[in-house]
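Structure record follows, encoded as structure tokens.
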Amino acid sequence: MTATDTRPRIAEALRAASDHLLALMRPEGYWEGRLSSSALSTATAMSALAVAGIEEDRPLLRGGAAWLAATQNEDGGWGDTPDSPSNLSTTLLALSALRLAEVTDSAGPVLAAAEGYAARHAGVTPEERVAALERIYGADRTFAVPILMNCALAGLVPWRLIPGLPFEMAAFPQRAYRALRLHVVSYALPALIAIGILLARRAPSRNPALRLLRRALEPAALRRLAAIQPEHGGFLEATPLTSFVAMSLIPVFGAGHPVARRCLGFLRASAREDGSWPIDTNLSAWVTTGAVSALAAAGRLGDLDAGRTRRWILERQYRVVHPYTGAAPGGWGWTHLPGGVPDGDDTSGALVALRHLREEIPGSAPPTVGEGRTASEDPLRLGAEWLLGLQNDDGGWPTFCRGWGKLPFDRSSPDITAHALRALRASGEGGARVGRAVKRGLAYLARVQRPNGAW
């Protein structure tokens with residue numbers, strides 16, 4: 001076929017896709033973002049509910065076990081989604097969950113297959129499995145320690161083999177964390193506190209002074225944990241993080257502890273009818289800003305109530321210092337739900353979408369939406385300032401916070417950096433500071449480009 005022949009087909013495909021996208025928009029002016037069900041989320045939620053031991057949760061445990069059995073890969077393991085290849089971390093979590101849940105004798109073949117996968121990829125002794133996870137995650141304890149803690153609750157590894165977490169650091173101001181070079185990333189503070197307390201109880205330090213210090217600072221750390229918990233209980237809207245907090249607190253303080261009780265409520269509310277749990281609840285802001293940019297590229301913003309969608313995006317901008325990450329005002333998170341936090345990629349997406357929507361509404365002035373906002377406050381300018389403050393020392397942009405070290409999510413990322421550069425251009429901000437930031441960002445991208453041209 002010639003290029004001329006394909007043009008009508010391309011135009012028709014574009015119309016059909018745009019019509020479909022417009023039809024999916026909710027009356028409030030945004031789009032929902034539904035994530036895949038996840039073996040990792042399902043396993044951690046099951047473990048938390050099993051540790052709580054509440055009889056009313058037995059149907060959820062049976063449903064989760066049935067879903068895990070139905071989605072187990074042929075090699076005996078599980079991946080991040082039902083369509084993903086198996087990995088050791090998720091398989092160990094699923095194995096732990098099925099042992100803790102004790103829902104049915106028919107789980108025997110599923111457990112045997114999972115044990116076989118774990119033995120092939122991590123050995124059979126607890127020491128070998130701890131070493132295997134350490135090889136995967138290195139110095140970053142954000143993922144390895146919660147997985148090992150879940151395994152210890154299920155009797156798969158002894159507590160003495162799990163590295164401790166310095167939960168007492170929660171008593172320090174947030175701005176000091178980077179200087180202290182913690183071995184967890186910024187967004188994992190709830191796990192640092194809850195798991196750290198459990199590990200300090202199950203495998204106390206040999207240093208008597210440190211033991212006394214930790215017991216003395218435990219109440220302050222728990223108050224900090226309660227203060228950063230969203231009203232509906234879900235930390236970051238994420239089942240795994242919320243589950244890890246719950247299963248750590250319950251053995252020490254019981255299922256009636258206020259933070260644990262709210263965590264369990266979130267887990268019950270986010271369970272799906274098929275027995276699974278999603279990795280996160282709703283990427284509404286991310287999908288909405290992406291939809292706006294797509295419709296702008298398709299020339300279809302005129303079919304949208306641009307003012308309504310613009311107001312919805314503006315109302316998602318954080319206008320105060322975030323109590324969880326300590327992020328300055330001006331950023332956007334991925335969701336309209338209370339567990340979200342501002343991050344680099346969603347802030348970039350919002351800035352680009354707002355530029356498109358501003359152009360769609362001729363003569364639109366900076367809005368006066370939201371408490372404390374004045375007519376002189378341009379949300380694009382505030383968002384650009386937020387992005388400038390997020391840039392790492394290496395010139396790139398991370399996900400949540402300027403890096404504490406070289407750990408995932410606080411480490412610079414090429415795609416997030418590219419999106420930030422595009423957003424700074426869309427914001428319309430100029431001046432020497434923006435120029436320097438762009439130059440450093442481009443230098444970072446040039447430095448991390450692979451020899452074959454890819455990133």
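The values are calculated or read from the model by the stated rules, or taken from the named source; none is laboratory data. All figures in this text were calculated on a predicted structure; none of them were measured in a lab. Glycine also receives a Cβ, built like all others from the backbone with ideal geometry; neighbour counts cover every protein chain displayed. Heavy atoms of the whole protein, side chains included, go into the accessibility calculation; ligands, DNA and RNA do not. Shrake-Rupley method; radii C 1.70, N 1.55, O 1.52, S 1.80 Å.
Things worth noting here:
- Accessible surface comparison of Val124, Val130, Val51, probe 1.4 Å, protein chains only, largest first: the order is Val124, Val51, Val130.
- P(r) weight above 13 Å for the range 408-454, C-alpha pairs, percent: 59
- Between Arg120 and Ala220, residue separation times 0.36 nm minus the direct Cα-Cα distance comes to 31.7 nm.
- Dividing the alpha-carbon radius of gyration of the range 315-357 by the rule-of-thumb value 2.2 N^0.38 Å gives 1.09.
- Inter-label distance, Glu56 to Ser205: 4.0 nm, where each label sits 7 Å from its Cα along the C-beta direction.
- Charged neighbours of Leu421, selected by a Cβ distance under 15 Å, balance to +4 (K, R count +1; D, E count -1).
- Inter-probe distance in nm under a simple model that places probes 7 Å from Cα toward Cβ, at Ala70 and Ala171: 4.9
- Rg and Dmax, both from the Cα atoms of the range 40-91 and both in Å, are 11.6, 34.
- Exposure of Ser427 as accessible area (Å², to 10), given a probe of 1.4 Å and all protein chains: 10
- In this label model, Ile136 and Ile10 are separated by 4.3 nm, measuring between points 7 Å along each Cα→Cβ vector.
- Its Cα gyration tensor gives the range 282-350 an equivalent ellipsoid; the semi-axes, largest first and in whole Å, are 24, 11, 10.
- Nearest 10 degrees, 0 to 90: helix 432-448 Cα axis against the chain principal axis: 60
- Kirkwood hydrodynamic radius of the chain, Cα pairs, Å: 23.8
- Taking other residues whose beta carbon is less than 13 angstrom from the beta carbon of Arg206, and scoring Lys, Arg as +1 and Asp, Glu as -1, yields +3.
- Solvent exposure ordering (accessible area, 1.4 Å, most first) of Ile162, Ile279: Ile279, Ile162
- By accessible area with a 1.4 Å probe, ligands and nucleic acids excluded, highest first: order of His322, His232: His232, His322
- Loop trypsin sites (Lys or Arg not before Pro), the range 205-278, which have at most 16 other Cβ atoms in a 10 Å radius of their Cβ (DSSP): Arg206, Arg272
- Two-site FRET efficiency, Ala227 against Ala443, from Cβ-Cβ distance with R₀ of 41 Å, rounded to 0.05: 0.55
- A cut-off under 15 angstrom between Cβ atoms defines the neighbours of Leu92, and their net charge, with Lys, Arg +1 and Asp, Glu -1, is -2.
- Measuring r between the beta carbons of Arg450 and Arg422 and using R0 = 22 Å, the FRET efficiency lands at 0.60.
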